Each structure stands twice: as C-alpha cells, then as structure tokens.
Amino acid sequence: MFEHHDAFTNMALDEACSEAVADGKVAPTIRFYGWQPSAVSIGYHQSITDEVDLEECRKNEIDVVRRRTGGGAVYHDYNGEITYSVIAPEIYFTKDIIASYKIICGWIVNGLKTLNLEAEFKPINDIIVGGKKVSGNAQTRRHGVLLQHGTLLYDLDVRKMFSVLKVSKEKISDKMIASVEERVTSLKRLGIADKNEAYKALVEAFTQGKEFEFGSWTENELLRAKELATTKYKTTEWNFQR
Amino acid sequence: MLRMEVELSESQEKAKYVKITGDFFIHPEDSLVVIEKTLVMSNASEGMETIALKIEEICKSQGIQMIGITPQAIASTFFEAIKQAKETNGALE
C-alpha cells in the first residue's frame, strides 16, 4: 500500500524499520510512500540554514527534516513524486557502495522500462531518461543494515522547488528555470499520466525474483517510529545540528 | 558542494573549530567528526599535501569511504577557509 506521512514520520519509519531489521525482528523491507504535507529533506551533512528558506517553508506549511543519508536537499511535493526505501541486512549487498546503488537503481530502471521509458543508471546515484535526471537516491549503512531511499519524480514544479530551497530569489529567472528543466524531467513530462501505473511498475520491478509478501508495520515499528519522530526528527537538536 | 567554517586559534595558524557541510556522502556518516578533529589538530604550516595525506590515512585506517569529496578537496577548502578567516580577522583589527 502506498502510504503518505509527514516528513518526520517518514524518516522515523525508515529508522524504526532499520532497527527491527538489525534485530532480526522483521524481514528486509521495501516501502513506497509520499509526503503529506509536502516537505524538504536535507542531507545528513548539510546546514539547514544554508540550504532551506525556512520562512517560506513555514508560510507554506512545508515540513523540513534532516535525513540519515548524505546528499543534497530535496523538495518532496505531495503530488510530485514516488519515494521508496529499501531496508535490508548489509550482507545482502556488495560492500562497494556505488555498485549497490547500481543494483537498487537497476530495479527502478527496470520498472521504467516496463513503462516504455529508456532509463539508465548514472553513477553515482542518479537515474536518467533521455539524458535528464528523473530519480535521485541516497544510501546509509548503520548497524549492519543498508537503507537506501530515493525519489522518482512524477511531476516537477521548479519555481516551487526554488522558492523553498535557498537559491537567491533574484536568481530565479526564467533562464535558470529553463536550465533545470533541461537537466531534470518527470514521469508526467515523459508521458506517464497515471501515477498509480508507475507505482505498480515499481512494485513489480522491486520484487521481481524475490520471495515476498505485502506486509504492514508491526506494532513495535509504529511505536518506535512515533517515538523517533518526536524525540529525534522533529527536534531542533537533530535538524539544526549543522 | 563543500563548505567549511573555521574559527582561528590565537596563533592564526590553527583552527580551534572546524565545521564541514555539504551534499557529499561519507560512510560511516559520523566519521565526518573525525575529519573535523583532524583539521583542528593540524597546523596550516604543515602544507596542503600533508594534511590531505593525513585525511587519506585516517580514511584508510578507519574504513571511511567518501563519495563526492576527496581528502585533497577537504585540505584545499581548509586552507582557503583559514586564509579567509585571517583576512576577516585582519579587517576587524
């Protein structure tokens, strides 16, 4: 089931699930989700004040959260993307991080191929279609568990994205927007009008060749996620640590 | 993108505080603190190459993997940050 959560719960669920996988309490997990309300996530090493227009986010009721993974700031539009997480023991994958990106991103590439899109993995962690980025991904490995999450862009509103990320407002010119639109694309622009169709293609591709069942969160995962959302992901200490 | 904030020590050749931020990847993530500590313990007079080597050795010995940044880029940004901090301090005096 495709779930929508707020940014803090989404990050907390990833961590609660990682802990449960580390403790052997749940099987390796793949989840697909969205962000409600829309949100900005920043990379683990980024400075929130350098990257995000916090005032603009507050005005527009957009959540801001620090991820456990590195990489850059991402605007997650409520309607604009499909996000996934893969949470599994590290030993299921190669130690070579870029090679493991290639494996998991390969599942997205395969999903896009079933939608008749000629997608390819672009190292380090992107997926492109027709030379334009359609998916960004980030990975961490902690306590023997690999967590990779990433987004598949369904729709793209560059102006909105720039309004919440710290780009000089004077610089948000039509030329700059055109330049981003030359480098980034979305499923909608590639002719995939049905988000659900894309979701189904991803589920199919991510599970291909694997024994799996559609599950739900355990009570412990939900309780732990609630705790982590409150005591970690919503806190100033976490989000403003850099 | 790699940003570095430094606070100079009395001698102006060392940093008593270093904060590195950016959109890179370091595995394990918390080893960035180790890199920052290494820079705090370094003296600018050691030279950029020596400091880059120091970071490289720490990465090797502690199994730290960097993606999107290199020890050389960190050392070079450190020198630039020290230089800028000296200029700012000079301008304030």
TODO: Return the average number of partner chain Cβ atoms within 10 angstrom of each residue Cβ along peptide A:188-199.
DONE: 0
- [ ] Would you look at the GNM of chain B, springs on alpha carbons closer than 10 Å, and say which of B:13, B:80, B:29 moves the most?
- [x] B:29
Task: chain A, helix-only ellipticity at 222 nm - DSSP H runs n ≥ 4, -39,500 (n - 2.57), divided by all residues, nearest 500 - done: -10500 deg cm²/dmol
TODO: Treat the count of other C-beta atoms within 10 Å as a stand-in for reagent exposure and order A:25, A:160, A:210 from fewest to most.
DONE: A:210, A:25, A:160
Task: Number of partner chain Cβ atoms within 10 Å, mean per residue of A:41-47 - done: 6
TODO: Please tell me the relative contact order of region A:3-235 in percent, rounded to the nearest whole number, where contacts are Cα pairs under 8 Å and at least six residues apart.
DONE: 25 percent
TODO: For region B:81-89, take each phi angle, set θ = phi - 60°, evaluate the Karplus expression 6.51 cos²θ - 1.76 cosθ + 1.60, and give the result in whole Hz per residue in order, putting x for glycine and proline.
DONE: 5, 4, 4, 5, 5, 5, 5, 5, 4
Task: Cβ-based exposure ranking for A:236, B:88, in which fewest neighbours within 10 Å come first - done: A:236, B:88
- [ ] Sort A:83, A:94, A:114, A:151 so the one with the fewest other Cβ atoms within 10 Å of its own Cβ comes first.
- [x] A:94, A:114, A:83, A:151
- [ ] Using only atoms on other chains, find how many Cβ atoms lie within 10 Å of each Cβ of peptide B:14-25 and report the average.
- [x] 5
TODO: Give a quick list of GluC sites (Glu not before Pro) in region A:146-242 that DSSP marks as loop, anything other than H, G, I, E or B, with at most 12 other Cβ atoms within 10 Å.
DONE: A:211, A:213
Task: Prolate/oblate/rounded label for region B:12-92 (Cα gyration tensor, a/c 1.5) - done: prolate
Task: Mean projected area in nm² (Cα convex hull; one quarter of hull surface) for region A:3-235 - done: 12.4 nm²
- [ ] Pick out which of A:120, A:55, A:15 has the largest mean-square fluctuation in a Gaussian network model of chain A, springs linking Cα atoms closer than 10 Å.
- [x] A:55
Task: In Hz, Karplus ³J(HN,Hα) per residue of region A:211-221 (6.51, -1.76, 1.60; θ = phi - 60°; x = Gly, Pro) - done: 7, 8, 9, 6, x, 9, 5, 6, 4, 5, 4
Open item on the list: Can you list residues from other chains, or at least 5 along the same chain, whose modelled amide H is less than 5 Å from the amide H of residue A:146?
Closed with: A:88, A:90
Task: Mean Cα-pair separation over length for region B:12-92, i.e. relative contact order, pairs under 8 Å, 6 or more apart, % - done: 37 percent
- [ ] For an R0 of 30 angstrom, estimate the FRET efficiency from the Cβ-Cβ distance between residue A:58 and residue B:61 and round to the nearest 0.05.
- [x] 0.10
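Coordinate-derived values only; no laboratory data. Quick caveat, the model's predicted, so the values are computed rather than measured. Neighbour counts run over all protein chains shown; Cβ positions are idealised from the backbone, glycine included.
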